[in-house]
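Here is the structure we will look at.
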Amino acid sequence: MTVGGALLFPGAGSGRTEPALVAVDRALVDAFGPDFSVVRADFPYRREGRRAPDRAPKLIACVREEAELLASKTGIDPASVVLGGRS
């Protein structure tokens, strides 16, 4: 499988700008090159200003939507999007 991009989420209680997540983003770009697409995303509850995570179905739907958006915007195969994060 060819890796085309990465979608990263923070752990509960932190956001997409959490320093460790930013470091993972930078390391991926350093490893795969400047054209490698990395998206750091927040879950809906964080975007809404809440601290408590939503239930799993809503979180999973968010991951799917963000992965599809990344693939669509970059023209990469959705199967080549790697999911990751920092807990």
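The values are calculated or read from the model by the stated rules, or taken from the named source; none is laboratory data. Just so it is clear, the model here is predicted, and its values are computed rather than measured. Every residue, glycine among them, receives a Cβ derived from its backbone with ideal geometry; neighbour counts consider all protein chains shown. In case anyone asks, the SASA skips ligands and DNA or RNA and just uses the protein heavy atoms, side chains included. Shrake-Rupley method; radii C 1.70, N 1.55, O 1.52, S 1.80 Å.
Table for the structure above
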item	result
Largest-first principal axis extents of the Cα set of the chain (Å)	35, 25, 19
For peptides 19-26, 46-53, sequence by mean Cβ density within 10 Å, most packed first	19-26, 46-53
Percent carbon-and-sulfur accessible area, the chain, ignoring ligands, DNA and RNA, probe 1.4 Å	54
Using θ = phi - 60° and Karplus 6.51 cos²θ - 1.76 cosθ + 1.60, couplings along the range 33-50 (whole Hz; Gly, Pro as x)	x, x, 8, 6, 8, 10, 10, 9, 10, 9, 6, x, 4, 6, 5, 8, x, 9
Long-range HN-HN contacts of Arg40 with modeled amide H, under 5 Å	Leu8
Environment charge of Gly85, counting only residues whose C-beta is closer than 13 Å and scoring Lys/Arg +1, Asp/Glu -1	0
Sum of -39500 (n - 2.57) over DSSP H runs of 4+, divided by residues of the chain (222 nm, nearest 500)	-13500 deg cm²/dmol
Cβ-placed point charges (K, R +1; D, E -1), dipole of the chain about Cα centre in debye, nearest 20	420
Average accessible surface area per residue within the chain, 1.4 Å rolling probe, Å²	63
Contact order relative to length of the chain, as percent, for alpha carbon pairs under 8 angstrom and 6 or more apart	47
Neighbour net charge for Glu18 - beta-carbon separation under 11 angstrom, K R +1, D E -1	+2
